[in-house]
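Everything on this sheet refers to the single structure shown next.
The values are calculated or read from the model by the stated rules, or taken from the named source; none is laboratory data. Predicted model only: the values in this text are computed from it and were never measured. Glycine gets a Cβ as well: all are built from the backbone with ideal geometry, and neighbour counts include every protein chain shown. Accessible surface areas use protein heavy atoms only, side chains included; no ligands, DNA or RNA. Shrake-Rupley method; radii C 1.70, N 1.55, O 1.52, S 1.80 Å.
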Amino acid sequence: MNKQLSTVIFDVDDTLYDQHLPFKQALVNSFDYPFTETDIEKLYLLSRKYSDDVFEEEQSGKITTEDLQVYRITTALKDLGYQITKEEALHFQETYVAYQNKITLIPEIKTLLDYLNSKQITLAILTNGNTDHQQMKITQLGMDQWVKPDHQFISGSLPFQKPDPRVFDYIVDTLKLNKDTTYYIGDAYINDVLGAKGAGLNVVWFNHRLRAPEGDVTPDFTATTAQDVLTFFKSQLD
């Protein structure tokens, strides 16, 4: 095994699966608006931003999970000129969760998991969110066949959350990992790149949404496609 790579820790949302797809499906099925593909992409990115903006308040109990869910879709739609009620926002959320219950792994990521497993690389998961909801996604994706249950970490069950470097340190300490040979892969610049680099880990930024960096910290590798991710890790081990 290449001494430069011993462990890979995966984010979940928009890293293991395409989070845009269930969002689009829920949007189209919930609202009778003439959304273009560009509108849907904007709404997806805006909803992620607004969710991140109030995530710490939700985790600390200052607002409810329902408040966060209503806020992110209502505010995103408002930015594009659409006004919806709280009831409409909650209906969208129910539909969104229903489609999340049908998510599947990005094909190249599934190939990567098989490949890393064959090379006896230690695999783990770190995702922000409420424990039950994130565990539902992990289970739906069938991740137990690659990642041991005790290697699956959800911020809702931990004292810290991304981008706090301490949540990464917690995993390193718990699993007794070598930071120098551990890679974290995720799609969010602040949560994943800044968080993991702040903890001293190697980072692959899966930037398939082509977002601009929100800081001057440089990931070890930036991938814009799932194939880029697969090729990178193979190059580290082959």
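Which residues, taken from the range 71-109, are free of Cβ contacts under 8 Å to residues at least 24 places away in the same chain, farther than 17 Å from residue 44 by Cβ and assigned to a helix (DSSP H, G or I)?
86, 87, 94
Kindly indicate whether any position in the range 110-127 is under 22 Å from residue 64 (Cα atoms) and modelled with pLDDT of 95 or more.
yes
Which of the residues belonging to the range 164-220 are open to solvent by 60 Å² or more (accessible area, probe 1.4 Å), touching a helix residue (DSSP H, G or I) at 6+ places or on another chain (Cβ under 7 Å) and over 27 Å from residue 43 (Cα atoms)?
Correct list: 179 only.
Conditions: (1) open to solvent by less than 40 Å² (accessible area, probe 1.4 Å); (2) closer than 29 Å to residue 146 by Cα. Residue 59 meets all but one. Number of the miss?
(1)
Which residues, taken from the range 34-48, are in a loop (DSSP other than H, G, I, E, B) and surrounded by 14 or more Cβ atoms within 10 Å (Cβ to Cβ)?
Within the range 34-48, just 35 meets the criteria.
Counting just the residues of the range 221-238 that are open to solvent by less than 40 Å² (accessible area, probe 1.4 Å) and of a type in the set (Phe, Trp, Tyr), which one comes out nearest to residue 9 (Cα to Cα)?
Applying the filter and picking the extreme gives 233.
List every residue pair whose Cβ atoms sit under 7 Å apart, with the two residues 6 or more apart in sequence or on different chains, where the first one lies in the range 45-61 and is more than 15 Å from residue 13 (Cα to Cα) and the second, anywhere, is assigned to a loop (DSSP other than H, G, I, E, B).
Matching pairs, first to second residue: 54/63; 57/63; 59/161.
If you check residue 148 against the conditions, is it over 16 Å from residue 12 (Cβ atoms) and either open to solvent by 10 Å² or more (accessible area, probe 1.4 Å) or touching a His at 6+ places or on another chain (Cβ under 8 Å) (or both)?
So residue 148 fails the test.
Restricting the first residue to the range 117-133 and requiring it to be in a loop (DSSP other than H, G, I, E, B) and crowded, with 16+ Cβ neighbours inside 10 Å, which pairs with a second residue that is modelled with pLDDT under 95 and among the aromatic types (Phe, Trp, Tyr) meet a Cβ separation below 8 Å and a spacing of at least six or different chains?
Partner pairs satisfying both residue conditions: 128/55.
Restricting the search to the range 134-145, which residues are in a helix (DSSP H, G or I), open to solvent by 10 Å² or more (accessible area, probe 1.4 Å) and not acidic (Asp, Glu)?
Of everything in the range 134-145, those that are in a helix (DSSP H, G or I), open to solvent by 10 Å² or more (accessible area, probe 1.4 Å) and not acidic (Asp, Glu) turn out to be 135, 136, 139, 140, 145.
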